[in-house]
Amino acid sequence: MKIWIAVTCLSLLFAPGSRLLAQADQPPKPTAAPSRAGKSQTLRPNIVMIMADDIGVECLGSYGSDRYKTPHLDRLAAAGLRFENAHAQPICTPSRVQLMTGIYNNENYLRFGVLDPAATTFANELRAAGYATCIAGKWQLSGGFDGPRRFGFDRYCLWQLTRRPSRYPNPGLEIDGKAFDFKNGEFGPDVVSDYLVDFIKQHRADSPDQPFLIYYPMIAPHWPFVPTPDHPDWDPTMWRNKKNEPGGYKGPEYWDAMVQYTDKMVGKVVDCIDENGLGESTLVMWTGDNGTYESVTSKWRGQDYQGGKGKTTDNGTHVGFIARWPGVIEKGTVSDALVDFSDVFPTIIDAAGHQATAPKQLSGQSLLPVFHGDSDRRKKDYIYCWYQRDGKRDQASEHVRTDRFKLYADGRFFDTQADLLEQTDLSGEEMTPDVKETYQRLQKAMAKHREKTLLHDEDLARRRTQVSR
């Protein structure tokens, strides 16, 4: 009976026309925009960007895992495009800042848990271009109740916006400017995904001609690893009386359950899009924000693969990246193109037929040529990474890489395919002509980015002291 009452309350809370989803002033209606790749589009697409929290490439069935069940993500990949060489930053905030702004961290990252108030996000751009915008999931970027709106989102349902209560059983969330505590056995990922489903349905009913942008930075499967509502050990009373989220719960016992529930939530949102007749007009992208937590070791492609979250080795950065856009992306495509999170901003802007306000500031390159099967038009020969969790300019790690070779700013050079954990430095070894050519090319690329790093050091060090969490 208690669960029935909780479900009933939630349905009233998020029902179309409810106070939480009441219509605000809407941006102007869109006009038709042509595709930049030459294929006709009568309307600009809806865009859904999903980013799971702490899940590496080794945990996905479509990438070769036979350990975990991810049928919804596997189906998404089969219906679209799977990138083999996609890399995030080593932990969450750096990835979020880079993804949302399209700029490498050496040029705009301040510290953990902060997005520079002066930053422009892809949501700012698309809202100005007439898109309805919504974010739901994990925030972790400061800014208070008005932060999401200042960064371009009309609607939001977020965890870790102004506080850090439970994110899983009996969660605390901030929803469109107000704090809500759910104490009747709700599960955070369910509440968040319900909000998105209701946003999609309501928008479909009220503004069918206006495109929308959804950014879904998922809460799961980041620790604490706990039983989900689909697991026999699920306890709807867990943490009901806790004000703040308890620490610990980092063991791998419930990791399988967390992965499966993450996959289920992706399926829930994508199914809602399709069931409301929006599948053909919606670009859906999915990725993970960094590698899996280090307590989890998985079998992947015949060998043990330990999670490397927080490390610059491949097990800390190599993530899945999937895109589905019917009529544009051919089903079952696999791409070797290099992708990092700076590419998301220009991809979203390009897909919307919009011109970025300051395109020269962007670090990334649009993925639309790859979507259209014309990878040769996208010239991205390497990926760059600047990483220091707390933004300390003199302590950062920097590297540039191809799909195989990685060069650090301190001169270390590794073959990541043969040496996942980077234990054999090749910089002083004899190299084949091909490897030497790659090494020299990466040296030039590193020099270019080091110059930019030094150019921004003083200003960002100063701003880091001026902008608080």
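The values are calculated or read from the model by the stated rules, or taken from the named source; none is laboratory data. All values reported here derive from a predicted model rather than from experimental measurement. Using ideal geometry, Cβ is built from the backbone for each residue, glycine included, and neighbour counts are taken over all protein chains shown. Accessible surface areas use protein heavy atoms only, side chains included; no ligands, DNA or RNA. Shrake-Rupley method; radii C 1.70, N 1.55, O 1.52, S 1.80 Å.
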**Report entry** Test: residue in segment 181-199 that is surrounded by fewer than 21 Cβ atoms within 10 Å (Cβ to Cβ), over 21 Å from A257 (Cα atoms) and either of a type in the set (F, W, Y) or free of Cβ contacts under 8 Å to residues at least 40 places away in the same chain (or both)
**Finding:** yes
Query raised in the report: Can you name the residue in segment 314-327 that is part of a loop (DSSP other than H, G, I, E, B) and open to solvent by 20 Å² or more (accessible area, probe 1.4 Å) and is also farthest from R389 (Cα to Cα) among such residues?
Result: G327
Query raised in the report: When you go through (1) open to solvent by 30 Å² or more (accessible area, probe 1.4 Å); (2) in contact with a Pro (Cβ under 8 Å, 6 or more places away or on another chain); (3) among the aromatic types (F, W, Y) one by one for Y382, which number turns out not to apply?
Result: (2)
Query raised in the report: Being at positive phi and assigned to a strand (DSSP E or B), is that true of even one residue in segment 158-178?
Result: no
Query raised in the report: Would you call D340 under 26 Å from F413 (Cβ atoms) and open to solvent by less than 10 Å² (accessible area, probe 1.4 Å)?
Result: yes
Query raised in the report: Just for segment 439-451: of the residues that are under 14 Å from G411 (Cα atoms) and either outside any helix (DSSP H, G or I) or free of Cβ contacts under 8 Å to residues at least 40 places away in the same chain (or both), which one is most open to solvent (accessible area, probe 1.4 Å)?
Result: K444
Requested in this report: Restrict the check to segment 206-217 and report whether at least one residue is in a helix (DSSP H, G or I) and surrounded by fewer than 19 Cβ atoms within 10 Å (Cβ to Cβ).
Outcome: yes
Report task. For G143, state whether it is in contact (Cβ under 8 Å) with a residue 12 or more places away in the chain, out of contact with any Gly (no Cβ under 6 Å at 6 or more places or on another chain), surrounded by fewer than 24 Cβ atoms within 10 Å (Cβ to Cβ) and more than 30 Å from H456 (Cβ to Cβ). Result -> no
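Here is a yes/no grid of residues against (1) within 29 Å of S468 (Cα to Cα); (2) touching a Phe, Trp or Tyr at 6+ places or on another chain (Cβ under 7 Å):
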residue	(1), (2)
T162	yes, yes
D206	no, no
Y216	yes, no
N244	yes, no
K250	yes, yes
Query raised in the report: Within the set of pairs 6 or more residues apart or between chains, which connect a residue that is surrounded by fewer than 18 Cβ atoms within 10 Å (Cβ to Cβ) inside segment 221-234 to a residue that is in a loop (DSSP other than H, G, I, E, B) with Cβ atoms less than 7 Å apart?
Result: D233/P227; W234/P227; W234/T228
Query raised in the report: Can you find even one residue in segment 253-264 that is open to solvent by 60 Å² or more (accessible area, probe 1.4 Å) and not basic (K, R)?
Result: yes
Report summary line: Reported set for segment 287-304 where residues are in a loop (DSSP other than H, G, I, E, B), open to solvent by 40 Å² or more (accessible area, probe 1.4 Å) and among the charged types (D, E, K, R) is E294, R301
